[in-house]
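Dumping the structure here so I can ask a few things about it.
Nothing in this text is a laboratory measurement; each read-out follows from the coordinates by a stated rule. Source: prediction; values computed, not measured. All Cβ positions, even for glycine, are placed from backbone atoms using ideal geometry, and neighbour counts span all protein chains on display.
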């Protein structure tokens, strides 16, 4: 490993880089390795709540949009696990999140290019070498051994990290936690007399709904505080969903940075809404619970921004603001679950090495080409791709599982210098740019 120069090194093994590894595995002229600090593949383990489905159809797997004949499709997973007929009779386009995680683990276990339990410490840019490349310094966590791995190209796939409130750092994880740790702390939460969930998206409602199921067996008050004007549905209209197509990404990427920032505001119903089926479950649950009597143990309060949190003698005090009425108030809860979403995780070594070498479009927002390369100040043929921090450059679909395969097709074809996988064309009924307009 110390001597070979690979075609590609992937940093991080989440769904995006796992899909890239699956496609690279089937490309004869690409040699790739991927490193991940965790000991095994598991996708959002703290939120693998039973009976919750993906928000995208099963075709948004790791390979189908690039190669339906790949051995790493979800359909082949069903076939290999004797689940074709159960899935056929289940008649759901969306699949359980737990099953999707099991599918990805099944793929990961077949790929010899994945190295779990390896932390990337640094990357050296060998741009003046006879054959310019990157040298990645990796430490194996079990042994402490350091490895120096060379590659023509690098893909950053370090994912996201939880968003939390200021001042939370010193509060106990078992009392005040992000939804990413929900299942790890669930039994502890169920011992509380009052649990408050803060957030207005899919994760917030999933946790709230799961706790409502448990409330029937527990003496517990439940509160949901949401900053949004209400619990709004994800826009699943078919024409709206065309924002998650390569054609729309082409259009979005060609806009100016300011136009892209403005456009993201209009796309919020596609990104931040709650699955209609989840909302139906919640409403139905509350309707049945309140037949003949009002349940005072449940409170849902929209238009409330939680601005801070502090420990008090018997729990935690939330500093809240009902922003429409401009009313500040405090709210007490024994436990708090924050569903505030995530922000891109950019490793410190990246900023130390490359901050001044690349172009930026805004604060912590680097410039990215259409085929997902960082834009360096010099011309180079050894590319640094990113699958992280792309919303500003590639739109609402930057975190969409279906478009992740499209991203990987771009990267594979660029590295190979040829069309390894076909890029889907003419994939919308709408046209977005006046360049395509025929009057």
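Rounded, prolate or oblate, given the Cα gyration tensor of region 175-304, with a/c below 1.5 counting as rounded?
Working: a/c = 2.74, a/b = 2.10, b/c = 1.30.
Since a/c reaches 1.5 and a/b is larger than b/c, the shape of region 175-304 is classed as prolate.
So how do 92-99, 358-365, 63-70 stack up, highest first, on mean other-Cβ count within 10 Å? Display every interim value, and only then the final one.
Details: 92-99: 16.5, 358-365: 12.6, 63-70: 18.6.
Going by the mean number of other Cβ atoms within 10 Å, highest first, we get 63-70, 92-99, 358-365.
Is it possible to state the helix-based mean residue ellipticity at 222 nm for the chain, with each DSSP H run of 4+ residues giving -39500 (n - 2.57), the sum divided by total residues, to the nearest 500 deg cm²/dmol? What is it? Numbers along the way, then the final one.
Details: 13 runs with 122 residues, N = 439.
Per the formula, -8000 deg cm²/dmol.
Calculated FRET efficiency, residue 266 and residue 140, Cβ-Cβ r, R0 51 Å, to nearest 0.05? Walk me through the numbers on the way to the answer.
Details: r = 46 Å, r/R0 = 0.91.
So, using R0 = 51 Å, E works out to roughly 0.65.
Enter the angle in degrees (range 0 to 90, nearest 10) between the Cα long axis of helix 97-108 and the first principal axis of the Cα atoms of the chain, meaning the one along which they spread out most.
The angle comes out near 20 degrees.
Based on the alpha-carbon gyration tensor of region 338-439, what equivalent-ellipsoid semi-axes (square roots of 5 times the eigenvalues) come out, in whole Å, largest first? Spell out each step's value before the answer.
Working: eigenvalues 135, 75, 46 Å².
Semi-axes, largest first: 26, 19, 15 Å.
Here's another thing I want to ask about it. Work out, step by step, the length gained on full extension between residue 170 and residue 188: first 0.36 nm times the residue separation, then minus their alpha carbon distance; give nm to one decimal. Let's see the in-between values first.
Details: separation 18, 0.36 × 18 = 6.48 nm, distance 1.85 nm.
Extending this stretch completely gives an extra 4.6 nm.
Looking at region 94-162, I'd like the Rg to Rh ratio, where Rg is from alpha-carbon atoms and Rh is Kirkwood's inverse mean 1/r. All intermediate terms of the calculation are to be shown ahead of the outcome.
On the way: Rg = 16.0 Å, Rh = 14.7 Å.
For region 94-162, the value is 1.09.
Sort 184, 58, 208 so that the residue with the fewest other Cβ atoms within 10 Å of its own Cβ comes first and the one with the most comes last.
Details: 184 13, 58 21, 208 25.
Listed from fewest to most nearby Cβ atoms, that is 184, 58, 208.
Among 294-303, 226-235, how do they line up from the highest to the lowest mean number of other beta-carbon atoms within 10 Å?
Working: 294-303: 14.0, 226-235: 16.9.
Peptide ranking by packing, descending: 226-235, 294-303.
Which values, in whole Å and largest first, are the semi-axes of the equivalent ellipsoid of the chain obtained as the square root of 5 times each eigenvalue of the Cα gyration tensor?
Numbers: eigenvalues 298, 128, 113 Å².
Calculated on Cα positions only, the semi-axes equal 39, 25, 24 Å.
What ratio of Cα Rg to 2.2 N^0.38 Å holds for region 387-439? Provide the component values of the computation, followed by the final result.
Values: Rg = 13.4 Å, N = 53, 2.2 N^0.38 = 9.9 Å.
That ratio works out to 1.35.
How much of the DSSP bridge set in the chain is antiparallel, in percent, rounded to the nearest 5?
Of the beta bridges lying entirely in the chain, close to 55 percent run antiparallel.
If you don't mind, another one. Let's test the formula: R0 of 25 Å, r as the Cβ-Cβ distance of residue 213 and residue 236. What FRET efficiency results, to the nearest 0.05?
E(calc), rounded to 0.05, equals 0.55.
At a 10 angstrom cut-off on C-beta neighbours, averaged per residue, how do the peptides 142-151, 29-38 rank from highest to lowest?
Details: 142-151: 13.4, 29-38: 19.2.
Order by mean packing, descending: 29-38, 142-151.
Determine the gain in length on full extension of the stretch residue 81-residue 307; use 0.36 nm per residue of separation and subtract their C-alpha separation, reporting nm with one decimal.
Numbers: separation 226, 0.36 × 226 = 81.36 nm, distance 4.78 nm.
Value of the extension gain: 76.6 nm.
Still on this model: When the distances between all Cα atoms of region 259-374 are binned every 10 Å from zero, what whole-number percent does each bin get?
The distribution over region 259-374 is 9, 22, 29, 23, 13, 4, 0, given as percents.
Helix 401-416 sits at what angle to the longest principal axis of the chain, using alpha carbons and giving 0 to 90 degrees rounded to 10?
Once rounded, the angle reads 10 degrees.
When the chain is fully extended, how far beyond the present Cα-Cα distance does residue 319 get from residue 291, taking 0.36 nm per residue of separation? Please list the in-between numbers first.
Details: separation 28, 0.36 × 28 = 10.08 nm, distance 3.32 nm.
Computed gain between residue 319 and residue 291 is 6.8 nm.
Working from Cα positions, state the angle (0 to 90°, nearest 10) between the long axis of helix 276-289 and the longest principal axis of the chain.
Tilt relative to the chain: about 20 degrees.
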